[in-house]
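To start, the structure under review is shown below, and the notes come after it.
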Amino acid sequence: MLVVGLAVAALLGAFAVERLLARGIAAGRLVRPELHMSIEIAQPLDAVWAYASNIERQPEWMHEMKRVEMLTPPPVAPGSRGRATVRIFGISTTDDVVITRFEPPRTFAIRHEGRFVGEGLLEFSTLGPTRTRIDWMEYLRPPLLPNLGGYIQRPILRSIFRADLANLKEILEG
């Protein structure tokens with residue numbers, strides 16, 4: 001009986017924290033749990049863009065993405081739709097996405113419409129003739145307790161996405 005009482009108290013506490021976080025974000029006192037990462041790659045902008053924006057090749061450097069397919073015919077443009085199978089910690093989910101911005105060779109943005117909703121933005125900039133910087137913003141909102149869950153998952157996802165960028169760098173520089 002004590003265990004049930006503690007579980008109920010924990011659940012009520014989580015919902016209370018969720019409500020407080022939602023209010024703080026809505027009022028601008030807190031920022032939503034976005035991830036911001038960047039990396040510099042010793043390759044020209046056009047080469048980095050050509051590889052990183054090639055949707056079919058993204059599972060080569062995004063190791064948690066197991067499969068990806070485009071649901072709309074080429075060419076890729078705003079409004080194009082895709083579907084990926086993503087596996088993190090042995091848990092698979094389908095991630096339906098819509099391309100919201102596709103501005104070669106500078107900007108690639110998506111909206112996540114699967115179980116975890118949100119958005120992603122990759123921005124590419126030239127640091128010189130053979131150096132490119134990628135800035136990546138990702139925001140994923142879990143289906144349950146979206147704000148609390150977002151803050152809890154943030155360090156895990158940051159580690160995964162940083163590893164993805166390191167994989168991309170290794171492929172392009174290797």
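Data table
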| item | result |
| --- | --- |
| Answer residue from the range 85-105, given it is out of contact with any Lys or Arg (no Cβ under 6 Å at 6 or more places or on another chain) and modelled with pLDDT of 95 or more and is farthest from SER125 (Cα to Cα) among those | VAL97 |
| Checklist (1) buried (at least 19 other Cβ atoms within 10 Å of the Cβ); (2) within 30 Å of GLY24 (Cβ to Cβ); (3) at pLDDT 95 or above; (4) in contact with a Phe, Trp or Tyr (Cβ under 9 Å, 6 or more places away or on another chain) applied to PHE108, failing item | (2) |
| The lone exception for THR93 - which of (1) surrounded by 14 or more Cβ atoms within 10 Å (Cβ to Cβ); (2) in a strand (DSSP E or B) it fails | (1) |
| Number of the condition not met by GLY79 [criteria: (1) in contact with a Pro (Cβ under 7 Å, 6 or more places away or on another chain); (2) assigned to a loop (DSSP other than H, G, I, E, B)] | (1) |
| Residue count, the range 1-30 (criterion: out of contact with any Gly (no Cβ under 9 Å at 6 or more places or on another chain), modelled with pLDDT of 85 or more and not in a helix (DSSP H, G or I)) | 3 |
| Residue that is surrounded by fewer than 17 Cβ atoms within 10 Å (Cβ to Cβ) and either of a type in the set (Asp, Glu) or in a strand (DSSP E or B) (or both), where the choices are GLU119, GLU138, GLU123 | GLU123 |
| Selection within the range 111-153 - modelled with pLDDT of 95 or more, within 30 Å of PHE15 (Cα to Cα) and of a type in the set (Ser, Thr, Tyr) | TYR139 |
| Condition broken by LYS66, with the remaining ones in (1) under 23 Å from PRO155 (Cα atoms); (2) of a type outside the set (Phe, Trp, Tyr); (3) in a loop (DSSP other than H, G, I, E, B) satisfied | (3) |
| Among (1) in a strand (DSSP E or B); (2) free of Cβ contacts under 8 Å to residues at least 40 places away in the same chain; (3) under 30 Å from ASP46 (Cβ atoms), the one test that SER159 misses | (1) |
| Unique residue being over 15 Å from VAL48 (Cβ atoms) and either outside the structural domain of GLY13 (by TED's automatic domain parsing) or among the aliphatic types (A, V, I, L, M) (or both) when the list is LEU127, LEU172, LEU168, LEU145 | LEU145 |
| Any hit, the range 100-118, residues being closer than 22 Å to ASN167 by Cα and among the hydroxyl-bearing types (Ser, Thr, Tyr) | yes |
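The values are calculated or read from the model by the stated rules, or taken from the named source; none is laboratory data. Not measured: the values here are computed from a predicted model. For neighbour counting, all protein chains shown are included, and Cβ atoms are generated from backbone atoms with ideal geometry for every residue, glycine included.
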